[in-house]
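In what follows, a structure is listed as structure tokens, so that the remarks can point back to it.
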Amino acid sequence: MIRVDEEFLGSLDGPFDAAACMSCGVCTALCPMEIGSLPRELFRHAILGLAERIRQQEDTIFSCLLCRSCEASCPAEVPITENVRILRRHLVKHQLGLGE
Amino acid sequence: MPLQKKAVLGILSDNLRRRGSVLPLSRRLHTRWARGLGIPLGGETVIYTGQMYQLIPAISKMARRMASLEDSWLTRVMGAGRVVNKVLNISWFLSRARRRERAVYDSMLRDIALLLRASGVEFGYLYGDDMYTGALVHDQGVDSALAAHARRVVAALQAHGVKRLITVDPHTTHMLRSVYPQLIEGFEIEVRSYLEILDERGLVPREMHDGPVVVHDSCVYARYESVVDSPRRLLTSIGAAVVEPELSGVWTHCCGGPIESLFPRRAHEIAARRVEQLAESLSTAHVEAAGRGEQGERSQRGTVAVMCPICLVNLTGAAEASAGRYRDISRLLADSVIGDRARWLARRERGQKALPAAQADVEADPGVLPSAP
Ligand code: SF4
Ligand code: SF4
């Protein structure tokens with residue numbers, strides 16, 4: 001069963017901004033890590049409040065190089081790397097317990 | 001089994017909190033590069049290393065050890081390692097680097113300092129107060145450790161009355177220029193990379209560089225801080241034939257460094273892919289140089305110019321036999337502008353002594369760093 005956490009987006013530490021993503025796939029095509037789900041699926045999960053899905057993708061979120069290859073070409077100017085940092089902050093705090 | 005994120009990030013952030021750096025270096029180790037250069041303590045304009053070049057030998061040693069742990073049973077006891085590290089700095093044992101490697105990275109900082117002097121920029125150095133800025137924990141999202149550390153860094157800058165910072169690597173430049181102003185209210189210190197300053201001042205080469213230079217841009221310089229043209233103009237000004245790899249400038253390809261601490265094997269694969277692209281450009285440059293009938297060994301073989309110590313250690317690690325063709329850009333510029341470092345320093349010292357008192361005062365004025373465009 002998929003649980004929706006309506007508070008999830010608001011609980012993130014920073015202005016998570018992916019609403020403009022049109023799922024065009026440019027980011028995926030240019031990603032040196034070939035991260036297929038980042039940002040398209042993952043960001044959608046965050047917007048929908050699928051917190052569990054985000055937690056399951058811990059390795060994907062931490063394997064992003066923050067290199068901005070994707071961002072440099074994103075037609076919707078989604079702040080991809082800033083969003084990844086925000087998701088990392090969430091995992092560091094709530095999953096890895098390093099927030100103190 | 002992959003490395004335990006909680007343990008690795010925990011050790012790095014505990015170190016930053018307790019010891020002031022992700023991998024603490026003694027004051028002697030992180031200031032040794034400046035020995036004998038007579039750089040004054042403090043001043044309004046200072047060179048700020050953020051300890052990045054000095055940390056590279058330790059980081060690379062630690063990464064090699066971590067890579068050997070990946071998939072080993074030891075990853076399961078890494079959590080215990082973090083507990084011990086809180087009391088005893090085990091990361092120090094894991095990251096003890098060879099003296100020779102440390103000397104190489106120190107020499108790059110010396111070259112940067114000499115190049116700034118050769119361009120007429122006078123600056124101080126904070127010695128023990130030149131602290132790591134926290135780039136790694138910022139990237140990993142451990143912001144609780146970062147905020148307190150950034151306040152310590154800024155307090156030290158304010159205590160020294162610093163108004164302008166000359167940074168030497170992309171990560172420190174980005175942290176101080178773009179991240180700190182968001183973290184610390186009222187942070188208004190001007191931050192510029194030495195490449196931007198040298199570009200504005202201009203270099204006077206003593207000996208022109210012979211041969212093609214393939215440029216590897218750092219993602220952070222190119223896509224976060226828009227430092228793209230300065231390194232190219234500087235290389236051209238010393239006579240280098242600049243060669244652009246297939247992915248360059250704002251389209252540069254990452255060196256893999258940012259994931260080295262958590263996914264060393266993947267980081268190595270990314271570096272190897274970049275090395276392949278650069279090797280292709282080197283071989284094209286080689287064919288072109290041969291076609292023009294250029295004879296010298298350097299003209300034929302070409303060099304890769306790198307402007308970030310993290311890129312340098314990752315790319316050379318993946319380049320294997322051709323690692324010797326990768327050079328920090330400061331080395332290429334200093335070979336041309338400074339030449340024999342010891343003789344240049346001795347000449348300069350003699351020149352300073354011979355200057356009339358009034359002129360010497362002008363040259364020693366620390367306020368000559370040009371303002372931002
Ligand atoms: S390039 Fe931008 S708009 Fe296209 S899928 Fe990626 S994030 Fe969405
Ligand atoms: S920033 Fe992350 S998602 Fe974007 S291209 Fe680089 S590795 Fe891929």
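Residues in region B:133-148 that are outside any helix (DSSP H, G or I) and within 9 Å of chain A (Cβ to nearest Cβ): B:Gly141, B:Val142. All but one of (1) outside the structural domain of B:Asp169 (by TED's automatic domain parsing); (2) free of Cβ contacts under 8 Å to residues at least 40 places away in the same chain hold for B:Ser193; state the number of the condition that does not hold. Of the numbered conditions (1) outside the structural domain of B:Asp169 (by TED's automatic domain parsing); (2) free of Cβ contacts under 8 Å to residues at least 40 places away in the same chain, the odd one out for B:Ser193 is (1). Residues of region B:169-217 that are acidic (Asp, Glu) and closer than 27 Å to B:Gly302 by Cα: B:Asp169, B:Glu196, B:Asp199, B:Glu200, B:Glu207, B:Asp210, B:Asp217. Residue selection: A:Val92 fails the criterion of being more than 10 Å from the chain's Cα centre (by Cα) and more than 12 Å from every other protein chain (Cβ to nearest Cβ). Report whether or not B:Ile238 is touching a Lys or Arg at 6+ places or on another chain (Cβ under 8 Å) and hydrophobic (A, V, I, L, M, F, W, C). No; evaluated as a whole, the condition is false for this residue.
Restricting B:Gly239, B:Gly256, B:Gly249 to those that are more than 14 Å from every other protein chain (Cβ to nearest Cβ) and either closer than 28 Å to A:Ala29 by Cα or touching a residue at least 12 places away in the same chain (Cβ under 8 Å) (or both) reduces the list to B:Gly239.
B:Met52: in the same structural domain as B:Val168 (by TED's automatic domain parsing) and modelled with pLDDT under 80, yes or no? So B:Met52 fails the test.
For every residue, the table says whether it meets (1) closer than 29 Å to A:Ile61 by Cβ; (2) among the small types (Gly, Ala, Ser); (3) at pLDDT below 95; (4) surrounded by 21 or more Cβ atoms within 10 Å (Cβ to Cβ).
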site	(1), (2), (3), (4)
B:Ser107	no, yes, no, no
B:Asp111	no, no, no, yes
B:Asp129	no, no, no, no
B:Asp169	yes, no, no, yes
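Residues in region B:151-162: is at least one within 14 Å of chain A (Cβ to nearest Cβ), buried (at least 16 other Cβ atoms within 10 Å of the Cβ) and under 28 Å from B:Ser21 (Cα atoms)? Among the residues of region B:151-162, not one is within 14 Å of chain A (Cβ to nearest Cβ), buried (at least 16 other Cβ atoms within 10 Å of the Cβ) and under 28 Å from B:Ser21 (Cα atoms), which makes the answer no. Considering region B:208-223, the residues that are out of contact with any Gly (no Cβ under 8 Å at 6 or more places or on another chain) and away from ligand 2 (no atom under 14 Å from the Cβ) include one that is nearest to the other protein chains (Cβ to nearest Cβ), namely B:Tyr221. Please work out which residue is surrounded by the most Cβ atoms within 10 Å (Cβ to Cβ), limiting yourself to region A:60-84 and to residues that are farther than 24 Å from B:Pro264 by Cα and more than 9 Å from chain B (Cβ to nearest Cβ). Among those that are farther than 24 Å from B:Pro264 by Cα and more than 9 Å from chain B (Cβ to nearest Cβ), it is A:Val78.
Every listed requirement among (1) modelled with pLDDT of 95 or more; (2) within 29 Å of B:Asn15 (Cβ to Cβ); (3) within 15 Å of ligand 1 (Cβ to nearest atom) is met by A:Pro79 save one, (2). One residue is enough: does region B:260-267 have a residue meeting the conditions assigned to a helix (DSSP H, G or I), of a type in the set (A, V, I, L, M) and over 23 Å from B:Ile56 (Cβ atoms)? Within region B:260-267 (the criterion being assigned to a helix (DSSP H, G or I), of a type in the set (A, V, I, L, M) and over 23 Å from B:Ile56 (Cβ atoms)), the answer is no, since none of the residues qualifies. Restricting the search to helices (runs of 4 or more DSSP H) fully inside region A:1-73 and requiring at least 1 residues that are modelled with pLDDT of 90 or more and within 15 Å of ligand 1 (Cβ to nearest atom) gives A:26-30, A:40-48, A:58-63, A:69-73.
Being in a strand (DSSP E or B), of a type in the set (Val, Ile, Thr) and at pLDDT 95 or above is a property that does not hold for B:Val179. Residue count for region A:59-87, restricted to those that are aliphatic (A, V, I, L, M) and near ligand 2 (Cβ under 6 Å from one of its atoms): 3.
Each residue in region B:1-36 was checked for being within 14 Å of chain A (Cβ to nearest Cβ) and in a helix (DSSP H, G or I), and 14 pass. With respect to A:Leu98, determine if the residue is free of Cβ contacts under 8 Å to residues at least 60 places away in the same chain, away from ligand 2 (no atom under 16 Å from the Cβ) and closer than 24 Å to B:Leu136 by Cα. Criteria met by A:Leu98.
Among the residues in region A:17-30, are any of a type in the set (Ser, Thr, Tyr), without any contact (Cβ under 8 Å) to a residue 24 or more places away in the chain and within 14 Å of another protein chain (Cβ to nearest Cβ)? The answer is no, given that none of the residues of region A:17-30 is of a type in the set (Ser, Thr, Tyr), without any contact (Cβ under 8 Å) to a residue 24 or more places away in the chain and within 14 Å of another protein chain (Cβ to nearest Cβ).
The values are calculated or read from the model by the stated rules, or taken from the named source; none is laboratory data. Just so it is clear, the structure is predicted and the values come from calculations on it, not from any experiment. We place every Cβ from the backbone using ideal geometry, glycine too, and count neighbours over all the protein chains shown.
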